[in-house]
Structure formats: C-alpha cells, structure tokens
1. Run through all the Cα pairs of the chain and give the fraction in each 5 Å bin from 0, expressed as whole percent.
2. For the stretch 71-165, what proportion of DSSP beta bridges, expressed in % and rounded to the nearest 5, is antiparallel?
3. How much length is gained if the chain between GLU198 and ALA8 is pulled fully straight, taking 0.36 nm per residue apart and subtracting their Cα-Cα distance, in nm to one decimal?
4. In terms of Cα to Cα distance under 18 Å, which aspartates and glutamates are near enough to LYS133, apart from those fewer than 8 places away along the same chain?
5. Once Rh for the stretch 120-213 is found with the Kirkwood sum over Cα pairs, what is the Stokes-Einstein diffusion coefficient at 10 °C and 1.306 mPa s, in µm²/s?
6. Nothing charged except the Cβ atoms of Lys and Arg (+1) and of Asp and Glu (-1): what's the magnitude of the dipole of the chain about its Cα centre? Round to the nearest 20 debye.
7. Cross-link candidates for LYS138: which lysines have Cα within less than 23 Å, leaving aside residues fewer than 8 places away along the same chain?
8. Using the Karplus equation 6.51 cos²θ - 1.76 cosθ + 1.60 (θ = phi - 60°), what ³J(HN,Hα) coupling, rounded to whole Hz, does each residue of the stretch 189-205 give in order, writing x for Gly and Pro?
Amino acid sequence: MIFYGTRAKSLGAQALGGVACQSCGQSGVVAHVFQKYFHIFWIPVLPYKKLVATECARCQQALAGEDVPPMYQAQLETFRASVKTPWYMYTGLVLILFLVAGGYYVYQKNQELRASYVAHPQVGDLYVIDVQKGLALKDAQYPFRVLKITNVKDKTVTLVSGHYEYSAASGATEAIDAGKADELAYFLLGDEFSLSIEQLQTLLGQGHIRYVTRRGK
Ligand SMILES: [Zn+2]
C-alpha cells in the first residue's frame, strides 16, 4: 500500500498559435501544464514543480521536456507562468499545521494544569516523580515512582510513595490509569515525607515531575 509519493495534475490546456507540428506539419499543437505535488494518502500536501508538454491534435505526437522544439518554448513559458497553482495543492500542509497547532495547544493546557495542581495541591493528588534525580532517593533501583499527597498544611504537603518503581515514567502513568494507585495497598503508608509547595514547583521546573493528576476530575 502506497501512503505517500508524488503525482501530477493537469491544470489546463491551450492551443499554441502560429506554430506547426514538427511531425505532421499541421497547426493544432496544444500545450498542457501539469502540477507535480507530494501527496499523503492522495491528499495534496505540497506542490513543487509545474511541467509542460505538448500534443498535436491531428497526429497525436506528444512531447515533453527536452523533446519540445525551441520554437514552442516562448509560448509554453508564458502559458506555464500564467497558470496558477491552486490553493488545494496545500490541503495536506494546512491539515498538518492544524494538527501540530492542536497538539501544541493540548500540550500547553496540560502544562498549565500541572502548574496549577502543583501551586494549589489537594489531598489525593498523584505525582509521577523521578525520585533518583528529583529526591535523591539512594535506595531507588529505578527512577520513577507514583507519589500521593496525603496532607496539605499551609505551604507544605505530605506525600507517600508507592511500593513500585518504574524504569520509564510511562510505566508509572499507566499504573495510575489502570487504577492501581487507587488501591490502598499500593502505597507505603507510615513512610510519609514532606515537601514545600516551592520544592514541588522546583521539581516541576526541573522536569523531575513527569505527571500530575487529580482524582475525581
Ligand atoms: Zn502533428
């Protein structure tokens, strides 16, 4: 299956005036302009070249590229330049730009939500933190753990760490998504520690907090 490639579309035809066909000597040579473009799933993404070709209406001789006689060239060039590339040749590019802009918007909204969760923590908030780099936990074999806020007082939060360690942050977020972190036994109760909101914000700024979620939202 071909997902992408190049194609050509005819943009128009025009009879050449005052020139005779090299093959049959009759008038009636018609010029065609083709737009070459890249496509993805047959959606035009980007036009890149206009091609011209000629065809004799009487003897059907077709010529393109270097085979086109020099005497045709001036008219061909004028015709080629007069044919505008239609806007829909950029359809795919516009779609891609919308997707990228949409993705960036979602990313920005997530960043803002994380920053607001960290600035105004609530009991039950779940964090995925790189505890090796962020909290310097020496006994951690793998960097990522799920931590839960168990208390918020003034500008300080109390956190409890999950039993499990993950080599990738995605492993920890998957555990949260699968509801494992909602089970009481997931956390090492009785082993809480405290961080100030400012420390949490520093961890977020340093990229050690990979994920924050508020349950019931
Ligand atoms: Zn001809």
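Each reported figure results from applying straightforward, stated rules to the coordinates on display, with no laboratory input. Quick caveat: nothing in here was measured; it's all calculated off a predicted structure. Cβ: placed from backbone, ideal geometry, glycine included. Neighbour counts: every protein chain shown.
1. Going out from 0 Å in 5 Å bins, the chain shows 1, 6, 11, 12, 10, 6, 5, 4, 5, 5, 5, 5, 5, 5, 5, 5, 3, 2, 1, 0 percent.
2. 100 percent
3. Answer, rounded to one decimal: 62.5 nm.
4. List returned: GLU165, GLU198.
5. 122 µm²/s
6. For the chain, the charge dipole is close to 640 debye.
7. Filter leaves LYS148.
8. Those phi angles translate into 5, x, 10, 6, 9, 10, 9, 7, 4, 4, 5, 4, 5, 5, 4, 5, x Hz.
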